[in-house]
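Participant: Handing you this structure, nothing more for now.
Readers should treat all values here as calculations from the given coordinates under stated rules, not as data from a laboratory. The model shown is predicted, which means the values in this text are computed figures rather than measured ones. In this analysis, Cβ positions are derived from the backbone assuming ideal geometry, glycine residues included, and neighbour counts consider all displayed protein chains.
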Amino acid sequence: MVYESSYESGRKPFTPDVQRGKWEKPSDFIYACCGLALKLDLFVVSYWFYFDMGLFGMLPYYFYMAIYMVPLLVIHSFMGQFSSSGFISAFRLSPFFKGMGYVSVFLSIASLLYYAIFAVVPLIYIVHSLRPTLPWSCEALADVKNLTTLCNLNQSETDVIGMLMDNTTADVLELSEVHIPSVLFFKQHFEIMGSGFVNTDESMTLSWTVAGFSIFIWAIIACIFKYCSDTAKFGKLLRYMIVSTISIMLVCLVRFLFLPGALDGLLHYVTPHRDAMIGGSFTMTIVVLQAFGSGWGSVMSLSSFNDFKTNIMGYSWVIAFGQTLAYILFGMVSFILHHYFRSISVRTFDLYVEVNWVLYLSSASAMADMEWPNFWTILYYTMLLCASLVVMITQIFTVLTSLFDEFEMLRAQKEKTTYIFIGALAFLSIAFCSNHGVIFFSAVSLDSIITYSVMHMLLILAVLWIYGRERFQRDIEFMLGQPFASWKIFILRFIAPLFLIYSMLVGLFMASMERIYSSAPVMFISLFLVILPLLFIPGYGIYITYQNTGGFCNRFRRACRPTDWYPVEMQHRQQYEEVLGNSDLTHQLYEVTEEVN
């Protein structure tokens with residue numbers, strides 16, 4: 001059996017981009033994929049999934065990692081490395097499923113729109129940390145409309161309690177809230193000072209200050225792509241940024257250990273809890289999905305810059321453990337900060353902390369009481385800023401790569417296309433610079449769980465069923481010189497879909513719970529992020545089917561057959577053609593017979 005060309009199927013043949021480049025070092029692929037773990041919406045939206053479980057609650061993650069996360073990483077890496085193309089063109093393996101590539105572009109753009117807020121918030125605190133006195137410190141805290149804050153308690157706990165007891169009943173006293181100054185500081189940008197981050201009944205208020213910082217973030221990203229658009233330079237930049245981010249995180253972690261209550265938090269983090277283990281066995285299936293990037297196809301595009309013989313099997317294990325390190329570090333910092341605020345609270349009050357945003361908003365108040373508070377605030381938020389920029393520029397890089405690989409006409413205007421794309425993202429992301437922006441990105445993050453689960457099931461169907469496990473194992477062995485174990489194939493074909501179905505159901509449950517408190521715009525976002533993408537994939541497959549000739553069965557078989565599926569480099573391509581010529585593998589979907597008129 002010899003692969004089919006695009007000419008035979010009536011479609012335009014794939015033309016490789018000879019100027020796409022390679023990583024400067026093979027390890028740059030590892031760094032880039034490990035950087036995907038810095039998508040901090042996992043630590044914000046999914047707090048109750050992970051951080052409250054501690055280290056032992058994460059143990060099931062290692063089980064899922066071995067069972068299907070690493071094998072799925074290998075499949076993603078195989079498609080990109082074998083085809084030397086992004087997550088659209090890589091579906092030459094089975095054009096019927098090429099709609100998944102376009103959906104990946106759509107999901108990547110959606111995540112980039114809201115992800116700017118994760119870079120904006122650190123930048124705001126960095127800029128204001130340049131003042132001699134931190135504006136969220138007790139010394140500088142201005143009018144807070146008679147709200148009880150940590151500053152009130154620090155100054156006179158007895159007076160505050162006595163005042164509230166004179167004016168309220170004991171029952172109301174238990175419900176009183178103590179606000180965090182740094183959270184109130186951020187709320188001032190939206191002129192909302194009430195309880196909670198945002199009230200869905202309030203009208204949408206755009207903060208022009210936040211929007212201005214957002215534009216500045218996109219300007220930084222544009223500069224990065226101006227000077228580091230080359231693959232080798234981009235990989236080198238990612239390497240330095242990721243190493244710097246982890247290094248600064250370790251320094252901050254050591255300093256946070258000296259906060260009141262920090263050791264209690266660390267002890268709670270590493271102490272085994274039966275409930276945490278049980279909870280982790282269910283919820284870690286959700287966290288596993290985050291390993292593939294905020295736009296789903298990132299690993300596929302990043303692997304396309306590897307050398308053809310790069311050992312993606314060994315690298316996949318290194319990537320999995322590298323991402324785990326990031327989860328553990330951020331989890332430890334989160335536990336320490338939570339226990340710090342608990343240690344300075346008054347027992348008769350429910351301490352109000354922006355729990356889901358403790359790493360971003362509340363942490364500034366924790367550093368305000370340190371020695372050299374400006375220095376530590378700048379250092380900590382620089383780390384968060386770098387982490388956010390790593391995710392954003394990686395996502396943009398993979399999207400642009402996929403577009404350039406698929407649309408040859410864009411390659412001649414790469415720089416112009418890049419700036420137009422970044423400018424469009426900057427303009428559209430302004431919608432998330434509002435007091436309702438947090439609700440919008442929550443909807444995006446939760447809905448993505450459903451979509452990612454379905455797309456992984458379709459990927460397994462396309463690679464291990466339609467393309468076939470024999471051909472997949474043959475291609476892996478040709479590329480790497482080592483086979484892909486049959487037991488891994490069995491688990492991916494029969495066991496992994498069960499976990500993915502469970503993840504999809506959990507995503508549906510979470511999304512439905514979110515919709516109880518959602519507004520019409522959130523429902524509109526869900527329509528575009530879940531229903532339309534899942535309809536587009538089979539819709540595009542039907543479109544490809546009817547582009548072919550013959551009866552329906554022959555059209556469908558041609559749509560599923562790989563077209564132009566071969567290594568790009570001529571030496572490897574010739575060797576691959578020899579392997580195909582000597583292969584006697586057959587599959588019913590490839591037994592296409594010409595109809596006789």
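Participant: With each label point set 7 Å from Cα along the Cα-Cβ vector, what nm distance links PHE509 and ARG573?
Facilitator: Taking the two extended label points, one gets 5.0 nm.
Participant: Still on this model: What is the sum of charges around VAL243, taking Lys and Arg as +1, Asp and Glu as -1, for the other residues whose C-beta is under 15 Å from the C-beta of VAL243?
Facilitator: Result for the neighbourhood of VAL243: +1.
Participant: Label-point separation (nm) for LYS309 and LEU130, each offset 7 Å from Cα along Cα-to-Cβ?
Facilitator: With each label placed 7 Å out from Cα toward Cβ, I get 5.1 nm.
Participant: First measure r as the distance between the Cβ atoms of THR209 and ARG493, then evaluate 1/(1 + (r/R0)^6) with R0 = 51 Å and state the FRET efficiency to the nearest 0.05.
Facilitator: Calculated value: 0.45.
Participant: FRET efficiency for ALA485 and GLN547, Cβ-Cβ distance as r, R0 = 51 Å, nearest 0.05?
Facilitator: Computed FRET efficiency for ALA485 and GLN547: 0.85.
Participant: Against the 2.2 N^0.38 Å scaling, with N counting residues, where does the range 384-473 land? I'd like the Cα-based Rg ratio to two decimal places.
Facilitator: Relative to the rule-of-thumb radius for its length, the range 384-473 sits at 1.45.
Participant: For TYR240 and MET523, compute 0.36 nm times the residue count separating them, minus their Cα-Cα distance, and round to one decimal in nm.
Facilitator: Fully extending the segment from TYR240 to MET523 adds 97.9 nm.
Participant: Just subtract the alpha-carbon distance of PHE321 and GLN413 from 0.36 nm times their residue separation and send over the number in nm, one decimal.
Facilitator: Gain in length upon complete extension: 29.3 nm.
Participant: Work out the FRET efficiency for ALA66 and PHE427 from their Cβ-Cβ distance, taking R0 = 41 Å, and round it to the nearest 0.05.
Facilitator: Approximately 0.40, to the nearest 0.05.
Participant: Relative contact order, percent, of the range 411-513 when contacts are C-alpha pairs under 8 Å separated by at least 6 residues? Mind dumping the intermediate values first?
Facilitator: Details: 48 pairs, mean separation 35.9, N = 103.
In percent, rounded to a whole number, it is 35.
Participant: State the extension gain, in nm to one decimal, for the chain segment bounded by PHE216 and VAL270, taking 0.36 nm per residue of separation less the distance between their alpha-carbons.
Facilitator: 15.5 nm is the gain from fully extending PHE216 to VAL270.
Participant: While we're looking at this one, here's another question. Name the chymotrypsin sites (Phe, Trp or Tyr not before Pro) in the range 376-422 that are in a loop by DSSP and that have at most 16 other C-beta atoms within 10 Å, would you?
Facilitator: Those satisfying the criteria are PHE407.
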